[in-house]
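Enquirer: My structure is below; once you've seen it, I'll send some questions.
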Amino acid sequence: MIRKKILLLGDFHVGKTSLIRRYVDNAFSDDYLTTIGVKISKKALKVDGLDFELLIWDIEGATPVKKIPTHYFAGAAGAILVADLTRPETIKGLDEHALRFHAVNPKSVCVRAYNKVDLIPEESLGSIDIPPDTFLTSAKDDINVSLLFETLVRRIAP
Amino acid sequence: MIERVNRLEFECYDEEEIRKKLFPLFDTLLLASLEKKGGRTLEILSRSIAEIIARKAQSDPEELGRALQPVISPAIKDEIADNRDQMIDVLYPILGGMIARYVTNAIRELLETIDRKIEERLSFQKIKRKIKARLSGVSETELLLEESFTARILSVFIVQRESGLLIAESNWGDTEIDDPQMVASMASAIKDFINDWIRETREVSEVQLVSYGTSSLYIESAGSVYLIAFLDREPDYEQRERINEFFAKLLKKYQTFFSEFDGDSRAEEIKEIERTINEFIAQINEHVSQGEKAGSPVPVRLVLLILLLLILFPVAYLLYRDYRVYRLEEEIRQKTSLEVKLATEGDHWVVSGTVPDLRHYDELRSLLSRLFPQGYVERLNVPLYVLESLHGKLVDSIRKNKGEVSTLKEDFRHLATETAMDRKATQRIRRQIDRLQKNLDRLRGTLQDYQKRLRREKAKLSRAEKIAKIRSIILEKLGKTFGNDPRYHRKDGSFDFKNGGLFAEGKADPKPQSLAKLKKVFEKYITILLGNPETRPYVRSIEIDGYTDSKGDKETNLRLSAARAEHVKSYLASLPLAKKLGADRILISRGMGSKDPILVEGHEDAEASRRIKIAFHLDDRAILKSLQDSLK
Ligand SMILES: Nc1nc2c(ncn2[C@@H]2O[C@H](COP(=O)(O)OP(=O)(O)OP(=O)(O)O)[C@@H](O)[C@H]2O)c(=O)[nH]1
Ligand SMILES: [Mg+2]
């Protein structure tokens, strides 16, 4: 068994908690309960024949007045940077999250989720630039969610 | 006293600030503790603590610090070395006072998150009842010091400081924790949460301190881990000593393992460590007679205790290990405004960090030579131009010295021939010449040093340049192979496998006959990327993106495109060449839906749209690392 701490980062209301909920419990809710502090969940999975146990830290999202405290980052092997496709500014914000995260964990890896793809009209998908290691996800419709986590683990794996 | 502490809190919401204010406090405390070394009772100590805090809150803290500085600095050094235990005891009361008020709220918040995880039958109300309000930590500490029963060790944990991952765990008999992994993680989370809380909270709530009844936690924070022993009573001195010794032994033996622990619980060492701990627990508990059995502790309480006591640790930790370093770094920061890192290696100091320009470099060096008269190792990043300018200066000064020596020599010869010169004068001048000559030699030595350093730096730069160009090297090679193929994109090196007739409408598995063409392209592609040692280490992933035509609804398309990519990926990964080159391990698939459909004269070519794209991504980190290595 290999245990890893990973975390989800991004602005508030982008769907971090929902992605974890989808991945860990295969459930979704339309209610919005903003996360305070941090909530930790656990998920076991097998990747390339190796047993993993993820300790997934769901950290409160950044708001215009408050950044995510970097204390939480310590010791994480990787992070999922989450943005909300309906709020372009949350995509722009990801680089800063990545930067702050890497400053604490220079050896860690990141993947990105452009979440809530279910809310985007098909035509506007074309105008969205999707960088490497970025997944179009929907916690609501379960699109690319487990792929997102598994890709991160695969990239963390020794 | 509470009021005073509150006032202190009002002054600073910032953790850094609090730390800054706390450190001088420690000085004062230590002094008190030193003066009263004979007495064990913390009554006295705590009274002076109150007094000190009071004085502190009123007077100019800087002045106080300055006044105490000369007495305390050397004292601290010895104190830390000799009395680690005592230090904790001294610290406990004020830390309690300063931090406890935040604890209650934080705990409540966190409990809401964790209470599902802990025993259901204990409601929050019941837990709260266990948290007794106290106004001072004194009696607690006294307990620690003066009560002496024989305690039984129930559990020992080793938790990685940074990540909160549990490295090893051993329990005595039927003591057990529901989910030790989660407890360890939450413990490290709560610590962070509180740190943050201290910075944020503005309202002042009741001062409370958690009483932990008869149970006791013994925590050692060392480098990369917490070592935690949970006992059913306060351990007596002898026991504490033994636990200390044991922890020290573990630390010494497994230091590297702990700091490099990457979460892999299969590591041989873990079994070994757990065995060692088990033996130790058995050894300790053997001597505890059955009759003295203490009430069995509740797991919930254990959870809570670990959480609470870990909170107290960052500061104590700082004090133990980094106090001196912290002070020196502070001093350097204040005097030069540079953020340098100090460390000790063996018996010498190592200075690292980045220096922006010549002026700072000069300042820093003169300060460092004052701070470390016995010398230090310099690992500073200095801009090349600074080295060059120092080099220039040296050359100048050597030239000047040279001139001076030769004039003197000339004079000397002159004088010597004039026989009237007396011995004393001759000797004086000779000494002067010798000194100057030595000076000159030294300068020459330094000059050679700088010249060597310059040559090395320049060689590094040219090596680094090659690594930095890795991307254009790959693009050039791909361009040569696919150059005229309209499906190849010169700009980013991706290959858009359109017109391949890969997929039937609505189908996710590719047509077998079209795969042969794809195979050829792919094999060429990975050969260029992975077939040579020059580029191979820097290729991080090869991405297969699946696409659909724009018919159908988006969600179906997203799923379909992901399935297409996945199918193609597993086909490509199964190719023998892919395995041979290790491409199978770095293949990634993504579904892009109907993004970027292929248009021909304004109409979509649906068959062409149903396709996959191949792209490569470089490992920036590996490149950076090679760059750094080449610059070392
Ligand atoms: N339509 C849609 N809604 C989503 C999706 N993911 C999350 N939501 C909704 O977006 C809102 C915010 O989701 P959360 O998961 O709580 O967001 P968060 O990033 O954890 O927010 P904070 O904890 O405040 O930082 C909720 O109302 C969710 O139901 C999605 O994929 N599609
Ligand atoms: Mg949330």
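The values are calculated or read from the model by the stated rules, or taken from the named source; none is laboratory data. Quantities reported herein were computed from a predicted structural model and do not represent experimental measurements. Every residue, glycine as well, gets a Cβ built from its backbone with ideal geometry; the counts of neighbours run over all protein chains shown. These area figures cover heavy atoms from the full protein model, side chains too; ligands, DNA and RNA do not enter into them. Shrake-Rupley method; radii C 1.70, N 1.55, O 1.52, S 1.80 Å.
Enquirer: Ignoring ligands, DNA and RNA and using a 1.4 Å probe, state the total buried accessible area between A and B in Å², rounded to the nearest 100.
Expert: For A against B, buried area totals roughly 3900 Å².
Enquirer: Okay, next question. Looking at the square roots a ≥ b ≥ c of the eigenvalues of the Cα gyration tensor of chain A, which shape do they give, rounded for a/c under 1.5, prolate if a/b is larger than b/c, or oblate?
Expert: rounded
Enquirer: Could I have the simple spin-label model distance between B:SER397 and A:ASN26, label points 7 Å from Cα toward Cβ, reported in nm to one decimal?
Expert: Rounded to a tenth, the inter-label distance reads 7.5 nm.
Enquirer: Give me the net charge of B:PHE482's neighbourhood, meaning all other residues with Cβ under 12 Å from the Cβ of B:PHE482; Lys, Arg count +1, Asp, Glu -1.
Expert: Charge balance near B:PHE482 sits at +3.
Enquirer: Over all residues in A:68-77, what is the mean tally of Cβ atoms on other chains that come within 10 Å of each residue's Cβ?
Expert: Average per residue, whole number: 6.
Enquirer: Let me ask you something else. Pulled fully out, how much extra length does the chain show between B:LEU624 and B:GLU238, if you take 0.36 nm times their separation in residues and subtract their Cα-Cα distance?
Expert: Gain on extension, B:LEU624 to B:GLU238, equals 133.8 nm.
Enquirer: If you don't mind, there's one more thing I want to ask. What is the local net charge at A:GLU96, summed over the other residues whose Cβ is closer than 14 Å to its Cβ (Lys, Arg +1; Asp, Glu -1)?
Expert: In short, +2.
Enquirer: Going 7 Å from the Cα of B:LYS511 toward and past its Cβ, which residues in region B:586-620 have a backbone nitrogen under 18 Å from where you end up?
Expert: Label zone hits: B:598, B:605-613.
Enquirer: Oh, and also: Determine the alpha carbon to alpha carbon distance for each of B:LYS569/B:LYS595; A:LYS66/A:LYS92; A:LYS107/A:LYS140; B:LYS393/B:LYS460 and list only those over 22 Å.
Expert: A:LYS107/A:LYS140; B:LYS393/B:LYS460
Enquirer: Could you give the length gained by full extension between B:GLN374 and B:GLU604, i.e. 0.36 nm per residue of separation minus their alpha carbon distance, to one decimal place?
Expert: Length difference between fully extended and current span is 75.1 nm.
Enquirer: Continuing with the same structure: Does any residue of region A:1-50 lose at least 30 Å² of accessible area with all protein chains in place compared with its chain alone, and if so which ones (probe 1.4 Å)?
Expert: Checking the loss per residue gives A:MET1, A:ILE2, A:ARG3, A:LYS4, A:LYS5, A:ILE36, A:VAL38, A:LYS39, A:ILE40, A:LYS42.
Enquirer: Additional query: Out of all DSSP beta bridges with both ends in region A:43-158, state the antiparallel percent to the nearest 5.
Expert: The antiparallel fraction comes to roughly 40 percent.
Enquirer: Of A:LYS4/B:LYS249; B:LYS400/B:LYS438; A:LYS46/B:LYS625; B:LYS469/B:LYS632; B:LYS524/B:LYS613, which sit over 23 Å apart, Cα to Cα?
Expert: Long pairs (Cα-Cα over 23 Å): A:LYS4/B:LYS249; A:LYS46/B:LYS625.
Enquirer: Given H placed 1.01 Å from N in the peptide plane, which residues other than close sequence neighbours of B:ALA168 have an amide H under 5 Å from its amide H?
Expert: B:ILE158
Enquirer: If you take every residue apart from B:ASN557 with its C-beta less than 11 Å away from the C-beta of B:ASN557, what net charge results, scoring Lys and Arg +1 and Asp and Glu -1?
Expert: Net charge around B:ASN557: +2.
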